[in-house]
Structures are given as structure tokens and as C-alpha cells.
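Every number here is computed from the coordinates shown, using simple stated rules; none is lab data. Remember, it's a predicted structure, so these values are computed and weren't measured experimentally. Here the Cβ positions follow ideal geometry from the backbone for every residue, glycine too, while neighbour counts run over all protein chains shown.
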Amino acid sequence: MKKTRAHVFKCGSCGHEEPKWLGRCPECGEWNTLAEIAVASARSIRAENGAKTGNFSTSPQSFPLSSVDPIEGKRVSSGIEELDRVLGGGIMKRSAVLLGGEPGIGKSTLLLQAAAAAQTQGRILYVSGEESAGQVKMRADRIKAEKIDRIELCCTGRMEDILVILDAVKPVLVMVDSAQTLHTDDAGPAPGTINQMKFCAYELISWVKEHDAALFLAAHVTKDGLISGPKTLEHMVDTVLYFEQGVSGEAGNTDCRFLRPSKNRFGSVDEIGIFTMGEEGLTEVADPSLLFLVRREGNIPSGIATAAVLEGSRSLLVELQALTVPVKGSVSRVFSGSIEINRVSRIAACLEKHLGLRLSDQDLYINVAGGIRINEVGVELALAAALYSARTGIPLPAKTAIAGELSLAGEVLPVRRRNIREKTAAGLGYSLFTAEDLKSAIRGLFGDGKH
Ligand code: TYD
Ligand code: MG
């Protein structure tokens, strides 16, 4: 006979549930606290089955696949283009989006701006467990959200209250700020545990799926990911967006914010949304190239190269800055926040091997203007050029945007979507440079070496 999950083992100290008995609770670390109990409530079993099958009626049933109405295509605009872009073309109905980011990055601001912009879609419920109604209104005034009559506000994190309000308001969009403030009387005695957060998130997700709405759930994450809590929510939601600041915090560009999907059931994870934070909230940056270039009069210093990289469907020109100084310790080190250290080391090794440029006795520093993280392989040739220029002291030619991936053998591999890069470069008065191999690239960029 098929065994149904009628019992679980629940920790008497933190409320954590395990399918098997364990001597020690993996959640709070207490010993001998797990006791067998009957599964929580009929509602959560129904919600669980419903979330798996899309069917929320009480008796389990199957249905012909051909009769299924695909939810793909049921998207609504958030009213914020950069947000729609990272979501894959708008908010998917019945979906749940986790918005992670460090405190102060602008999660609440983004949720409120999206709430204001999305009112054309219907009523919106903004649940704030962190701030008072007055604080939320002050932010609404600050971002100049004038017409806000379709936004309902409730300031609580108590799940029982939120569910009652949801049923009364029947919003099309639910903003919850934040996951960490959610709690329920139903899930164990200790509020604020990961288990409570998961339980409440589950109820919220079930509600939006049952009511053809969509959910945005803000969650705090620290820089080093110390709080593992929101991580456990990632597998429950459809889309995970991380809101982050530029890594180098260059003067003038510190207000730049990047919205990056790390998981997206309904779109690509390559797209990024770019915003700047100003006096009146977040502003979308539709044409971001100028943010990552540094305006200069006269000659370009050595160590500076412009790369034409791909970010999702867009191409960006970004300025790379390289500095090489003789090693201080016994081994050479790479200091780079925006480009992976492994990538920098590999490109340096290529230059050393194929051009005889000695870099192994140097510490290497790499920056990207605007602090944008670059993971695209097309950045490699520009990185090689910046390092070569830094080490030799020879500057690169002006208005040259470089694109190319490097193989370990010193070949330059063709980049994806060259046309888009060319067009972006041309639009900013740059010409696109690429080559067949590293040697000829360096010759093409720096001349024949008679400097
Ligand atoms: P907030 O949205 O509260 O961040 P989070 O919810 O992620 O913690 O906003 C964070 C910062 O942004 C805060 O320090 C104030 C600043 N800010 C502005 O500079 N301009 C604005 O218009 C708003 C609303 C906030
Ligand atoms: Mg906030």
C-alpha cells in the first residue's frame, strides 16, 4: 500500500519539521526535541497538492494534457520596463518573485514604484511588516507616486491577518516587504525562524496561484550571504531577482543599481535591469552605455581598454582599467571585483605564454568603470589589451571597442551577436575591433612594437 505522509517529526524548540526522526534538530541544533505529530492542517496539504498539480479542488484528479490552458502568455506589465525585461517580458500571472538584496539597496522602493506603476492592472496589496503606514506613505510621496488609490496597504507580518486581507481585497499583485517579517501562529512557537518564513511564503504562493495574481517577496541578504534564510525560499518561487550595487563604487556611479535574475522559470537569466537611485527614487537606465565609460579629454592613459560586451539582449561598452605593479609578497596576486579572478589569471597567463609578456612577477589590479560585474566571455580580448597596455605603458587607440574570447592556445574566438556590439559601438562613435589571434590583435592595437 502506498504510504501517505500523515506524520512528520517536529522540533519542539524551533518548530522545524523533518520527514524522519533525528536525534538533533538540523535547524536549531537542539537535541532530542523532535517528536512525531500529525501533518499540520488540511489547508496546507491541499495547498501543497494544488501547487504541484495546479489543481486546488479537494479530491485529487487527473485531466487530459490537451485540455490544459497554457499560462504562458498571461503576462502583465509592471509598468517598469527594466523590471519587465528581467522578468522575461512582464509579470507572469500566478508567479512568485523573490527580490533579494542587502538592506538599503532599494527593494522597498522598487516594490512601491512597481505597485504604483502597475495599478492599471488592478488592485494591489502592499504588505509591510517592516515599516509603519506613515513611513510607506512618506516613501510614496518621495517617489512622487501621485495616483495611488488602487494600492491597499497593510502593516503586519502575521500570516493569519494577511490571508484575511488578501481574501477581502483580492489584489492582482501582492507586494510583501519582507519575507523575514512573516510569521504565523501555526508553525511552531518561535517566530522569525526559517521554518516560519517558509511556511508563510508557501501560503502566499498558494494564494496567488489560486487567485490568478502574482507575488513579489522582498528578502534581505547580506553581502557574504550570511543569512541563509532567503536561500531556502529560492526553490519555492518561480523567479529570483537580486538587487545589487556596482562592486567598485566608483565616484559618480555609486547610485547605480543592477537587477539580476539568478533563477527564472519564465525567461532568461542573462538580462539585467539597470537603475540609478536618486532623490525621487529609482530611475530606469534604458541606454546604459554612458554609465560605464569615462569621459576623457586628450590622451587615454595606459591600462585603459574599452570592451564591447553583451548583457542579455543588449550590448554595453564598458571601460576596463588595469594596473600592474611588481609583487610585494612572494606570489603574484590578482585584485578584481568585477571580473572573475580566474579569468584575469588565465588571460595574464596567455599574454605571458604567447607574447612573452612577463606578468607573473606582477600584482594585477582590474576595475570596471561603474562597478558592473562582467561575466561575458567577449570581454577577454579587451582584458588582454588592458593588461598589455598597463604592463608596457603603451596606451590603446581612442574610440576602439574590443570584443573577443581567448582560447588557451592564444586564438581569438568569434563573439556572439557581433552585429549588436558593432551597432552599439558605432552609436557611441567607436569602431569595433576584433582579430583572429592574440598576437595579431596586439599588433593591430599597439602597432609593431617600435614604440
Ligand atoms: P529602500 O528601498 O528602503 O531599501 P531596502 O528596502 O532595500 O532596504 O531604500 C534604500 C535607500 O535608498 C535609502 O538609504 C534611502 C535611499 N533612497 C533615495 O536615495 N531616494 C529615494 O527616493 C528613496 C525612496 C530612497
Ligand atoms: Mg526595505
Of segment 354-382, those with amide N under 16 Å from the point 7 Å along the Cα→Cβ vector of R346 are 354, 374-382
Between segment 375-451 and segment 88-107, the Cα center-to-center distance that results, in Å: 36 Å
Taking a threshold of 22 Å on the Cα-Cα distance, which of the pairs K170/K231; K107/K231; K93/K144; K353/K439; K107/K263; K10/K107 fall above it? K170/K231; K93/K144; K10/K107
Find the cysteines in the chain that fail to meet the 4.7 Å Cβ criterion with every other cysteine, and list them. C154, C155, C200, C256, C350
Sort out the exposed loop chymotrypsin sites (Phe, Trp or Tyr not before Pro) in the chain (DSSP loop, at most 14 other Cβ within 10 Å) and tell me the longest stretch that has none. 57-451
For the chain, just run the numbers: alpha carbon Rg, then divide by 2.2 N^0.38 Å, N being how many residues it has. 1.17
Counting only DSSP beta bridges with both residues in the chain, what percent are antiparallel, rounded to the nearest 5? 55 percent
So how many Å³ per residue does the convex hull of the Cα atoms of segment 305-451 work out to? 99 Å³
Report the charge-dipole magnitude of the chain in Debye, nearest 20, computed about the Cα centre from +1 at each Lys and Arg Cβ and -1 at each Asp and Glu Cβ. 880 debye
Got a sec? Charge dipole of the chain, +1 on Cβ for Lys and Arg, -1 for Asp and Glu; which of I347, C155, F216 is way out at the positive end? I347
Over all distinct Cα pairs, what is the inverse of the mean 1/r for segment 84-226, reported as the Kirkwood hydrodynamic radius in Å? 15.3 Å
Long-range tail of P(r) for segment 251-298 (Cα pairs > 17 Å, %): 47 percent
For segment 412-451, count all C-alpha to C-alpha pairs, find those more than 15 Å apart, and express that count as a whole percent of the total. 51 percent
Treating the Cα atoms of segment 269-340 as identical point scatterers in vacuum, please give the log10 of the normalised Debye intensity I(q)/I(0) at q = 0.17, 0.18, 0.19 Å⁻¹, two decimals. -0.87, -0.92, -0.97
Mind putting together the pair-distance distribution for segment 376-419? All Cα pairs, 10 Å bins, whole percent per bin, short to long. 27, 49, 22, 1
Around K10, under 10 Å between beta carbons, what's the net of Lys plus Arg minus Asp minus Glu among the other residues? -3
Highest mean first, what order results for 401-411, 169-179, 352-362 on Cβ atoms within 10 Å? 169-179, 401-411, 352-362
Express in nm, to one decimal, how much length is gained between T232 and A398 on full extension, taking 0.36 nm for each residue of separation and deducting their alpha carbon distance. 55.0 nm
Rg/Rh (Cα only; Kirkwood hydrodynamic radius) as it applies to segment 239-391: 1.00
